[in-house]
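Working notes, beginning with the structure itself.
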Amino acid sequence: MTARWLPAAQSIRPILDMYMDASVAVVGCSSGQTSRTSCELDVLIVGADPRPPVSLKLGGAFVDLAFVTEKEVLRPPDPEHAVALASAKPVRDASMALSAASSAAAALLSESCGKSATKRLASALKAVGRADEALQKEATAEADLWLLAGAYDFAYAFLYSKEEMPSPSHIFSQMKSRSASSPAGFEAFCAAAGLEKTSRAACASRLEGVAVLSDLLAQVGSSSRRPAQLSNEGLAIVRAKADELGARMEHAECYSFLGLELVGDVLSIPTSGRRGKRKGAGLGPDVGSLLTGEGRLLGESLAADVGLTRTRESIKSAAGVLEAQISALAKVR
């Protein structure tokens with residue numbers, strides 16, 4: 001079977017011309033057999049100076065560019081980066097650094113996946129704790145958001161434990177497939193992610209809410225974690241994926257994907273006079289100030305659009321199910 005990255009390499013010719021001195025590789029789902037026609041090409045640019053990631057459109061294809069130094073490629077600072085490198089497909093590799101890094105990452109894939117799973121599990125447990133704290137304050141929208149964050153961290157941890165690289169717009173399908181013989185993890189993810197709300201209308205509403213958040217990010221600025229979402233191209237990628245999933249009648253996948261976008265956007269908004277950061281098991285931003293109080297940025301209408309409307313009882317129930325599965329996965333790590 002011809003790998004998807006071969007035609008991808010041809011479509012990024014302008015990138016190769018633009019960064020003539022850099023090594024270039026295709027990473028993510030486009031480097032394998034899982035990408036859809038709406039999926040952007042994830043391209044790694046290895047150069048002398050690190051830069052913020054960029055989303056752009058080349059012809060009819062969207063491309064996400066990630067810039068790293070050769071040192072970062074040879075010694076990935078994050079185990080999740082090492083997992084991604086394991087399946088990287090070099091397009092141009094003058095110094096052979098990419099090939100060497102990819103081979104080394106593939107050899108250490110099991111170890112990197114284990115570290116990534118441990119990090120995500122810690123982050124998931126912290127998110128569940130924050131959801132509980134929010135419930136004690138009767139801040140249900142905040143609790144809903146933290147539970148949603150915990151659901152995705154758990155999903156990432158679960159997939160890493162299976163030595164599979166998570167893909168944002170494929171998370172639901174990946175979890176369903178990997179949990180076939182043991183459905184408890186998949187059921188916990190669905191409950192915590194609120195996928196019982198899935199419908200065409202819910203997807204459309206959440207998509208428009210995410211678009212409003214994108215505009216909000218452009219006004220207030222985001223952390224360095226998601227600068228690509230500030231561009232029109234970044235939002236266009238999200239819309240293209242949501243539209244294709246809707247056309248395929250994959251509403252659960254669509255709602256799940258948009259939920260992950262929602263979490264990433266909200267947690268990248270600066271709060272309390274500082275930039276909110278959430279890396280692995282980090283402390284995270286003060287989400288409460290975004291959702292409640294006089295100076296809140298997300299009003300009730302927007303919270304409803306993106307689906308942060310679960311009741312205290314449903315949040316508490318789903319949080320308990322998720323926490324049990326986090327503990328169960330931690331025991332087998």
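The values are calculated or read from the model by the stated rules, or taken from the named source; none is laboratory data. Quick caveat, the model's predicted, so the values are computed rather than measured. With ideal geometry, Cβ positions are generated from the backbone for all residues, glycine too; neighbour counts draw on all protein chains shown. Heads up: the accessible areas ignore ligands, DNA and RNA and are worked out on the full protein's heavy atoms, side chains in. Shrake-Rupley method; radii C 1.70, N 1.55, O 1.52, S 1.80 Å.
Roughly speaking, what is the stretch gain from L74 to A201, that is 0.36 nm per residue apart minus the C-alpha to C-alpha distance, in nm to one decimal? Walk me through the numbers on the way to the answer.
Details: separation 127, 0.36 × 127 = 45.72 nm, distance 4.55 nm.
Working it through step by step, the gained length comes to 41.2 nm.
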Beyond 31 Å (Cα-Cα) in this structure, taken from K89/K126; K57/K316; K71/K115, we find K89/K126; K57/K316
Let me check the size of segment 69-126 from its C-alpha atoms; what are the radius of gyration and Dmax in Å? 12.5, 43
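What is the ratio of the Cα radius of gyration of segment 113-223 to 2.2 N^0.38 Å, with N the residue count, to two decimals? Before the final figure, lay out the partial values.
Numbers: Rg = 15.2 Å, N = 111, 2.2 N^0.38 = 13.2 Å.
Its radius of gyration relative to the 2.2 N^0.38 Å reference: 1.15.
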For R248 the rounded accessible area (nearest 10 Å², probe 1.4 Å, non-protein molecules ignored) is 120 Å²
Per-pair calculated FRET efficiency, R0 = 45 Å: A304 and E163 via Cβ, rounded to 0.05: 0.70
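Given a Förster radius of 41 Å and the C-beta distance between R296 and S181 as r, what FRET efficiency does 1/(1 + (r/R0)^6) yield to the nearest 0.05? Can you show the working numbers first?
Values: r = 44 Å, r/R0 = 1.07.
The formula returns an efficiency of 0.40 here.
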Measure of exposure for R51: accessible area at 1.4 Å probe, Å² rounded to 10, is 130 Å²
If packing is taken as the average number of other Cβ atoms within 10 Å across a peptide's residues, how do 84-96, 52-64 rank, most packed first? 84-96, 52-64
Using Cα positions and a limit of under 17 Å, work out the aspartates and glutamates in reach of K241, with same-chain residues fewer than 8 apart set aside. E40, D42, D64, E208, E233, E250, E253, E261, D265
